[in-house]
Amino acid sequence: MKTKVSNYMSPKVLSILPTMGIREAFFKMKENGIRHLPIVNENNTLLGIISDRELRRPNWVDEAKDISHVYLLDNSMLVSDVMITNVHVIHVYDTLNKAVSLLLDNHIGAAPVLDKTGNLVGMLSAIDLLRALKDSIDQEKKTT
């Protein structure tokens, strides 16, 4: 039987609204020890995602004429200004093999997990996949 994403995803998802300031989002990540925040609307529909990478070095840095303000995180910029809107998602019923391919092929560290109706129900990170690998190795050791 193939292991499903639902067996290893983190079901407690901390999500934010697109109107949150980037400073507040940064500290929410730090306080909760996470590196990815899904952005949802009031109906919990996924709109985008932001990672600590976007906050540390936004894509627009290379285009800015004056970058003196770049690393000053304040709430004058909103999450909606820097969030990724082309989000790579995985579903609870997908296999871990599919999830690994998604993360590797897209060079991402985590993906939001959606249920059959498209609602955000979890996050699956590279750490979750390493936990699955460890469980698999431990199980193999027991059978040999």
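Worth pointing out:
- Selection within region 113-133: residues that are closer than 22 Å to VAL40 by Cα and among the β-branched types (Val, Ile, Thr). The member of this set that is farthest from the chain's Cα centre (by Cα) is THR117.
- Check on ALA110, touching a His at 6+ places or on another chain (Cβ under 6 Å) and either surrounded by fewer than 13 Cβ atoms within 10 Å (Cβ to Cβ) or within 29 Å of ASN41 (Cβ to Cβ) (or both): yes
- Within region 18-52, the set of residues being part of a loop (DSSP other than H, G, I, E, B) and surrounded by 14 or more Cβ atoms within 10 Å (Cβ to Cβ) comprises PRO18, MET20, ILE34, ARG35.
- Selection of region 87-112 for residues being closer than 18 Å to ARG35 by Cβ and not β-branched (Val, Ile, Thr) yields HIS88, ALA99, LEU102, LEU103, LEU104, ASN106, HIS107, GLY109, ALA110, ALA111, PRO112.
- Selected residue (only one of LYS142, LYS116, LYS134 is touching a strand residue (DSSP E or B) at 6+ places or on another chain (Cβ under 9 Å) and of a type in the set (Lys, Arg)): LYS116
- Exclusive hit being at pLDDT 90 or above and of a type in the set (D, E, K, R), set ARG57, ARG35, ARG53: ARG35
- Region 71-86, residues that are within 16 Å of ILE34 (Cβ to Cβ) and not in a loop (DSSP other than H, G, I, E, B): VAL79, ILE84
- Of the candidates GLY21, GLY33, the single residue that is more than 15 Å from PRO112 (Cα to Cα) and either under 13 Å from the mean Cα position of the chain (by Cα) or among the hydroxyl-bearing types (Ser, Thr, Tyr) (or both) is GLY33.
- Among the residues of region 113-126, just one is without any contact (Cβ under 8 Å) to a residue 24 or more places away in the chain and surrounded by 15 or more Cβ atoms within 10 Å (Cβ to Cβ), namely ALA126.
- Extreme residue, surrounded by the most Cβ atoms within 10 Å (Cβ to Cβ), among residues of region 60-84 that are under 14 Å from THR19 (Cα atoms) and modelled with pLDDT of 85 or more: VAL79
The values are calculated or read from the model by the stated rules, or taken from the named source; none is laboratory data. Computed from a predicted structure; not experimentally measured. All Cβ positions, even for glycine, are placed from backbone atoms using ideal geometry, and neighbour counts span all protein chains on display.
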